[in-house]
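The values are calculated or read from the model by the stated rules, or taken from the named source; none is laboratory data. Fair warning: this is a prediction, and the values are worked out from it, not measured in the lab. Neighbour counts are summed over all protein chains in view; Cβ atoms, including those assigned to glycine, are modelled from backbone coordinates with ideal geometry.
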Amino acid sequence: MHWAVEELSVVMAPPPDSGDTVDWDALRVDTGWELPSDYRDFVAVYGLGSISDSMAIRTPPFEGYPYGDHLLHGVERPPADGMLTWAANEAGDDFAWRCVGEPDQWRVVFRPRNRRQNHSYDMGTAEFLLRLVRGEIRPPLGAELALPPTFTSWREEEEFLLDEDGDLEGF
């Protein structure tokens, strides 16, 4: 387990039903994509979901994946702009990797909605998230994370949307 995921789980406890099992080897064979090991550890512990109801974390598809769109949906390899978006917040700001070198060398790039100036961070996903929820780094977010940080898995979000008959409310 990556050290930053371990520390993150102390600062932001994963829900009991969180974590998703992605067949990383099959993903690599099927798509050609290999993703950073700290991100794979994050997905195993937290999975698809959101931080503080503001920052949505994307994942590749897995058995039971609830949506049509996913991390690699429609993305070329390598991406035309050299970036792969792994999260977004409610203000439309993106969090991406600069896909240069081996996946564990990819660094986080914050791309604000207005796209005026990207902000690069010399760290991987898990360390970035850990430092973000601790308040140690403060990218110019269009939407701030509520503190203390919480993680809501897609399972919890889905349950919230279902009414007592098991139908999606409002759909």
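Please go through the range 53-70 and give me each residue that is outside any loop (DSSP other than H, G, I, E, B) and surrounded by 19 or more Cβ atoms within 10 Å (Cβ to Cβ), ordered by number. Show your work before the answer.
From the range 53-70, those outside any loop (DSSP other than H, G, I, E, B) are 55-57; that's our starting set.
Met55, Ile57, listed by residue number.
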Exercise. In contact (Cβ under 8 Å) with a residue 24 or more places away in the chain, under 22 Å from Leu141 (Cα atoms) and part of a helix (DSSP H, G or I) - does that describe any residue in the range 73-92?
Worked result: no
Exercise. For the range 29-46, what are the residues that are surrounded by fewer than 20 Cβ atoms within 10 Å (Cβ to Cβ) and either among the hydrophobic types (A, V, I, L, M, F, W, C) or modelled with pLDDT under 95 (or both)?
Worked result: Val29, Asp30, Thr31, Gly32, Trp33, Ala44, Val45
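Tell me, yes or no, whether the range 108-115 has at least one residue that is under 14 Å from the mean Cα position of the chain (by Cα), at pLDDT 90 or above and more than 24 Å from Glu34 (Cβ to Cβ).
Here is the first cut: in the range 108-115, the residues under 14 Å from the mean Cα position of the chain (by Cα) are 108-110.
Then drop every residue that is not at pLDDT 90 or above, which leaves 108-110.
Then drop every residue that is not more than 24 Å from Glu34 (Cβ to Cβ), which leaves none.
The answer is no; no qualifying residue exists.
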Exercise. Do we find that Ser50 is in contact with a Phe, Trp or Tyr (Cβ under 8 Å, 6 or more places away or on another chain) and part of a loop (DSSP other than H, G, I, E, B) in this structure?
Worked result: no
Exercise. If you scan the range 1-28, which residues turn out to be among the charged types (D, E, K, R) and surrounded by fewer than 20 Cβ atoms within 10 Å (Cβ to Cβ)?
Worked result: Glu6, Glu7, Asp17, Asp23, Asp25, Arg28
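For every residue, the table says whether it meets (1) within 20 Å of Pro103 (Cα to Cα); (2) within 15 Å of the chain's Cα centre (by Cα); (3) not β-branched (Val, Ile, Thr).
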residue: Leu8; (1), (2), (3): no, yes, yes
residue: Val11; (1), (2), (3): no, no, no
residue: Gly19; (1), (2), (3): no, yes, yes
residue: Ala26; (1), (2), (3): yes, no, yes
residue: Val29; (1), (2), (3): yes, no, no
residue: Pro36; (1), (2), (3): yes, yes, yes
residue: Asp41; (1), (2), (3): yes, yes, yes
Seminar exercise, completed: Pairs returned, first residue in the range 1-22 that is part of a helix (DSSP H, G or I), second residue that is at pLDDT 95 or above and of a type in the set (Phe, Trp, Tyr), beta-carbon separation under 6 angstrom, 6 or more apart or interchain, are Val5/Phe42
For this session: From the list Arg58, Arg138, Arg131, pick out the single residue that is closer than 15 Å to Phe42 by Cα and free of Cβ contacts under 8 Å to residues at least 12 places away in the same chain.
Result: Arg131
